[in-house]
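Notes follow the structure.
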Amino acid sequence: MQIAVFSTKPYDRAFLTEANAGAGHRLRFLEARLSPETASLAAGEGAVCAFVNDDLGAASLEALAEGGVRIVALRSAGFNNVDLGAARALGMTVARVPAYSPHAVAEHTIALILTLNRHIHRAYNRVREGNFALDGLLGFDLCGKTAGVVGTGKIGEVVARILTGFGCRVVAFDVAPNPACQAMGVAYVGREELIATSDLITLHCPLTPQTHHLIDDAAIGQMKRGVMLVNTSRGAVIDTQAVLRGLKDGVVGSLGLDVYEEEADLFFEDLSNRFIADDLFARLLTFPNVLITGHQAFFTREALGAIARTTIENLTRFERTGRARHEVAIDKVMG
Ligand code: NAD
C-alpha cells in the first residue's frame with residue numbers, strides 16, 4: 001500500500017522502516033500534524049498512519065476520503081481523536097494498536113509516583129548546585145498506603161501489580177472488573193469510595209464521554225487532603241482548572257501528568273526557544289509539587305517496536321483482505 005505517515009519523528013521513521021522491511025509498503029514520511037489543512041498531503045495514497053495528537057475530526061476525514069484514503073492506521077491504542085461517526089459515514093476503516101507494552105506506560109506511571117513522592121526532580125538539581133539540604137524533600141512510605149487505580153485494563157493491571165509489590169493496599173474502580181486484579185487482592189470499590197479513601201490515585205481508563213472530566217471539582221472535594229494524583233491516560237480525564245484549584249487549596253498534595261487536555265499544541269515539539277502561550281499549563285509549571293512529562297509513557301524500545309509491527313500488520317491485512325488486524329469496531333463503540 002501507499003501510506004502517508006503523519007507526525008513523523010525520527011524514531012517513528014526508524015521503527016516503521018524496520019517493521020516494513022518484509023512487507024514492502026511504500027511509506028511517505030511527513031513531519032506535518034494531520035489536520036483539515038494538511039490532509040491533502042495524503043492525496044493519492046490509500047492509507048494514512050496517524051498518532052495521538054493528529055486531528056481526525058470530520059473535516060480531516062472528509063478531506064482524506066476525497067484524496068482516496070480508505071484506512072486510518074493509528075499508532076496508538078486510544079482512538080478518542082477520531083470522529084468515528086464520520087469514519088463510518090465515509091466507509092473508512094480505523095485500525096489501532098490495542099496492546100503494545102502495558103509495562104512501558106505502567107513503569108512510567110511508577111516513575112512519576114516515586115519521583116514526586118521523594119522529590120527526585122528537585123534533589124537532582126539541588127545536588128548539582130552543591131545544595132545538600134533535605135528541607136522540602138520529605139516523602140512518605142508507599143508501603144501501607146491506599147492506592148486507587150481507575151481503569152484496570154492492561155496498563156492498570158500492571159500498575160496494580162507493582163503497587164501491590166510495594167505493599168500498598170490497592171483499591172480499584174472499573175466498569176468491568178479484571179479477574180487478574182481480583183486474584184492479586186485488589187479490592188473493587190465504587191468511584192466515590194476510591195476517591196475518598198485513596199492516598200494516591202492513578203488514572204488508566206480511556207477518554208470517553210463517561211470519563212471526560214472524571215476528576216472535577218466535586219471529585220477533588222471528596223479527596224483526602226494531600227492526595228497524590230497521577231494521570232498517564234488522556235488529558236481530558238482531568239478537569240485541569242479544577243485540579244489547579246485543588247493544588248492551590250492543598251487538597252491535591254502532588255500531581256504527576258504525562259498527558260494534558262490541550263497537549264496537542266505543545267507536546268512532541270521543541271518549543272524551548274518560544275514562550276508557552278497556554279497560561280494554564282504555564283501556571284502548573286510554577287508548582288514544585290507538579291511533575292509533567294510530555295506524553296512519553298509509551299516511549300520504550302519494546303513499545304515502539306511493537307507499535308510499528310502491529311501498524312504494518314494492520315495495513316498488510318487490510319490490503320490483502322479488506323479488513324485490518326485490529327479494527328476499531330465502530331458500530332460496537334458507538335452503539
Ligand atoms: P484497556 O482497554 O486495556 O483498559 C482500559 C480499562 O478502563 C478497561 O478495563 C475498561 O473497562 C476501563 N474503563 C472504561 N471505561 C471506564 C469508566 N467509565 N470508568 C472506569 N473504568 C473504565 O486500555 P489500556 O491499554 O490499559 O490503556 C488505558 C489508557 O491509557 C488508554 O485508553 C490510553 O488513553 C492511555 N494510554 C496512554 C499512553 C501514554 O503514553 N501516556 C500510552 C498508551 C495508552
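The values are calculated or read from the model by the stated rules, or taken from the named source; none is laboratory data. Bear in mind that the values here come from a model prediction, so they are computed numbers and not experimental data. So basically every Cβ, Gly included, is an ideal-geometry build from the backbone, and we count neighbours across all protein chains shown. Surface areas here come from the heavy atoms of the whole protein model, side chains and all, with no ligands, DNA or RNA. Shrake-Rupley method; radii C 1.70, N 1.55, O 1.52, S 1.80 Å.
In deg cm²/dmol and to the nearest 500, what is the mean residue ellipticity at 222 nm of the chain if only DSSP H runs of at least 4 residues count, each as -39500 (n - 2.57), divided by the residue total?
Result for the chain, helices only: -10500 deg cm²/dmol.
Using the heavy atoms of the protein chains alone and a 1.4 angstrom probe, what is the accessible area of region 237-300 per residue in square angstrom?
Averaged over the residues of region 237-300, the accessible area is 48 Å².
Loop only per DSSP, at most 16 neighbouring Cβ atoms within 10 Å: give me the chymotrypsin sites (Phe, Trp or Tyr not before Pro) in region 260-335, ordered by residue number.
F268, F275, F299
Taking θ = phi - 60°, what integer Hz values does the Karplus form 6.51 cos²θ - 1.76 cosθ + 1.60 yield along region 202-216, in sequence order, with x for Gly and Pro?
10, 9, 9, 9, x, 7, 9, x, 6, 9, 4, 6, 4, 9, 10
Between R126 and E31, what length comes free when the chain is fully extended (0.36 nm per residue of separation minus the Cα-Cα distance, one decimal in nm)?
30.5 nm
Answer rounded, prolate or oblate for region 287-335, using the Cα gyration tensor with square roots of eigenvalues a ≥ b ≥ c: rounded when a/c is under 1.5, else prolate when a/b is larger than b/c, else oblate.
Oblate, because a/c is 1.5 or more while a/b does not exceed b/c.
State the Cα centre-to-centre distance between region 20-82 and region 234-295 in whole Å.
Measuring centre to centre over Cα atoms gives 28 Å.
Can you tell me which of 8-16, 249-257 comes out highest on packing, and rank the rest after it, using the mean Cβ neighbours within 10 Å? Write down the numbers at each step before the final one.
Details: 8-16: 16.3, 249-257: 20.1.
Those peptides, ordered most packed to least, come out 249-257, 8-16.
Give the residue list of chymotrypsin sites (Phe, Trp or Tyr not before Pro) in region 95-200 that are DSSP loop and have at most 15 other beta-carbon atoms within 10 angstrom. Please report the intermediate quantities before stating the final value.
On the way: sites: Y100, Y124, F132, F140, F166, F173, Y188; in loops: Y100, F132, F140, F166.
Sparse-neighbourhood loop chymotrypsin sites (Phe, Trp or Tyr not before Pro): F132, F140.
Ignoring ligands, DNA and RNA, please state the percent of accessible area on region 165-261 from carbon and sulfur, probe 1.4 Å.
On region 165-261, the fraction of accessible area on carbon and sulfur atoms equals 54 percent.
Hey, can you list the DSSP H helices of the chain whose Cα span along the axis is 15 Å or longer and whose average Kyte-Doolittle score is at least 0.0?
102-118, 154-165
Could you work out which residue, out of L61, L137, L291, moves most in a Gaussian network model of the chain, that is, has the largest mean-square fluctuation with Cα springs under 10 Å?
Highest fluctuation among the options: L137.
Checking the cross-link filter: which lysines have an alpha carbon closer than 26 Å to that of K145, excluding same-chain neighbours under 8 positions apart?
Within reach: K154, K224, K248.
With a cut-off of 8 Å between alpha carbons and a minimum separation of six or more residues, what is the relative contact order of region 253-335 in percent? Please report the intermediate quantities before stating the final value.
Values: 45 pairs, mean separation 23.7, N = 83.
With pairs under 8 Å counted, the relative contact order is 29 percent.
Name the residues of region 110-130 whose amide N is less than 20 Å from a point 7 angstrom out from the Cα of Q296 along the C-beta direction?
Once the point is set 7 Å along Cα→Cβ of Q296, 110-129 turn out to lie under 20 Å by backbone N, inside region 110-130.
Considering the chain as a Gaussian network with a 10 Å cut-off on Cα pairs, which listed residue, M223, M184, M92, attains the greatest mean-square fluctuation?
Answer for the Gaussian network model of the chain: M184.
Among the lysines, select those whose C-alpha is under 22 Å from the C-alpha of K9, and discard any that sit fewer than 8 residues away in the same chain.
Candidates past the 8-residue exclusion: nothing left.
Quick one: with all protein chains in place, what share of the accessible area of region 96-154 is carbon or sulfur, to the nearest percent (1.4 Å probe)? Before the final figure, lay out each step's value.
Numbers: 1750 of 3160 Å².
Result for region 96-154: 56 percent of the exposed heavy-atom area is carbon or sulfur.
Could you work out the relative contact order of region 176-262, using alpha carbon pairs under 8 angstrom and six or more residues apart, expressed as a whole percent?
Over region 176-262, the number comes to 29 percent.
So with the 1.4 Å probe, I'd like the accessible area per residue for region 3-94, rounded to whole Å².
It amounts to 40 Å² per residue over region 3-94.
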